[in-house]
Amino acid sequence: MAPSDAILVIDQGTTSSRAIIYSTNGNILSIGQLPVKQSYPQSGWVEQDPVVLFDTVLESCHKALKLSKLPIDAIAGIGITNQRETTIVWDQRTGHPIYPAIVWQDRRTQPHCEALKTGGHEALITQKTGLLLDPYFSATKIAWILDHVDNARELADAGHLLAGTVDSWLIWKLTGEHITDLTNACRTQLVNIHTHSYDPELLSLFNIPEALLPRITACTGPLATTQKSLFGKPLTILSAVGDQQGALIGQGCFETGMSKSTFGTGCFLMTHTGNQPVYSKNKLLTTIAWKIGDDVNYAIEGSIFNAGTLIEWLMHNLQIIQSPAETETLARQSQREDIHFIPAFTGLGAPYWRPEARGSLSGLDRDTNKCDIVKAALDSIAYQLEDLLRSIRSDGVDINQLRVDGGMTKNHWLMQRIADISQISIKKAAATESTAQGAFYLAALALGRYQSLAEIVKDIHTDHHFLPKCTPEASDDLYASWQTKINQCIQS
């Protein structure tokens, strides 16, 4: 391999930190990965240690470099993709966080959101940011830390504190630069998606000083340069992108109407809507898809809070499976359609946005076994995805194909079930790491290895294609039963 041919991609997710080294043509040469723990101090609270987030990233990078057997001179630069909305506030004098990272799933700021809704501010916030007023986003998380950590407001006013999402924390630790890309910045609920900058009215509304916040950049660089001591030589940060937007790019959804769904800790459906924002009438989110140079594109997004976490719950809490791979075998052994699992462990996301909702399992009888429960759990993911697909169609966007990626796509029973419930074609990405693949493509674009997004498409492939096997009438009946149960959950 010639010097500076490889790209190192950091993929910092909710449950793990990964580093992937790609060759110049996008082949994976090595992967370093370490788990990341979450803590749950109170019901609805989810936290992580920011120091651990960075340490696991750095260790994963060195692990991937060692496994690749490449000299550091072979690395042309770094791409970064990350869990979004998770919020960190730190003292720039010491580099230490003043509070644990508040994870995107955390619901503690619901009272703040309700107070803003009561004050009549939600319409303004949605118009400016494309987002609903919900604890999911970063603004109320930053405000909570400033209001609940001793002397935090005083330190912020004195200019000692910095705040940001995971990308900005990692970049600051790697380079000393306080920056964030637009796809991450737009998820803070402090950025106007029309001006692509922090909005003074929103900053005032959430009582957050702009001086805390990172400078907003495009997704492609060069963005900053790492400290020499970290890798033995300075490396250029070539790209940064939020994980779901990374998957949209990694799946090649460059034409208006193209959609992808990523199955990770949660499940995230995103549809590319072109160079103008499209607002949803069905409580979906309008968001930035990417900023490449001066070109900004938009997307509509819906989020399911629990997907991979549901499998972990079956494995660790109920202990009815030993590994995620078992779910496919067990689900195939059940024919029950009358058992419904609503996994609202941390509320319901789009299109319901009911943070107070809690999970339920209904339809049990003496014949119910673990196969039925596992099937109902997987069914809940398919049904929630159909909730999102129907909402997007209702917003006037036609979807006849869905590209899928993430660990759960290994479960072909689930992928077929999604095709049956949704009555659309499901195409599974050949590259299981679509999120990181998107960061790679952006980094390669920054290096000039691709001249345009159109050039990238030829390197994107699928390896499985799932077509509906049940009738539309049968699908409608199944979905109607789901709707009955989820309405009962919301009303209880």
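The values are calculated or read from the model by the stated rules, or taken from the named source; none is laboratory data. In this text the structure is predicted, and so the values were computed from the model without any measurement. Backbone-built Cβ (ideal geometry, glycine too); neighbour counts: all protein chains shown. Each accessible area value is taken on the protein alone, full model and side chains, heavy atoms only, with ligands, DNA and RNA left out. Shrake-Rupley method; radii C 1.70, N 1.55, O 1.52, S 1.80 Å.
The single condition among (1) in a strand (DSSP E or B); (2) open to solvent by less than 10 Å² (accessible area, probe 1.4 Å); (3) touching a residue at least 60 places away in the same chain (Cβ under 8 Å); (4) of a type outside the set (D, E) that H272 does not meet is (3). Remark: pairs (first residue in the range 287-298, assigned to a strand (DSSP E or B); second residue among the acidic types (D, E); Cβ separation under 8 Å; 6+ apart in sequence or on different chains) = T287/E301; K291/D181.
Restricting attention to the range 293-312, does a residue exist that is surrounded by fewer than 17 Cβ atoms within 10 Å (Cβ to Cβ) and over 26 Å from A185 (Cβ atoms)? Yes, the conditions are met somewhere in the range 293-312.
The residue of the range 104-131 that is most open to solvent (accessible area, probe 1.4 Å), among those that are closer than 19 Å to V191 by Cβ and touching a strand residue (DSSP E or B) at 6+ places or on another chain (Cβ under 7 Å), is K128.
The set of residues from the range 25-69 being surrounded by 16 or more Cβ atoms within 10 Å (Cβ to Cβ) and either of a type in the set (K, R) or farther than 30 Å from K141 by Cα (or both) comprises G26, I28, L29, S30, I31, G32, K63, A64, L65, S68.
Can you give me the number of residues within the range 150-175 that are outside any helix (DSSP H, G or I) and open to solvent by less than 30 Å² (accessible area, probe 1.4 Å)?
5
Please list, ordered by residue number, the strands (runs of 3 or more DSSP E) wholly in the range 176-264 having 1 or more residues that are within 20 Å of K141 (Cα to Cα), β-branched (V, I, T) and modelled with pLDDT of 95 or more. Per the criteria, 179-181, 215-217.
If you take the residues of the range 70-100 that are farther than 21 Å from A443 by Cβ and charged (D, E, K, R), which of them is surrounded by the fewest Cβ atoms within 10 Å (Cβ to Cβ)? Selected residue: R93.
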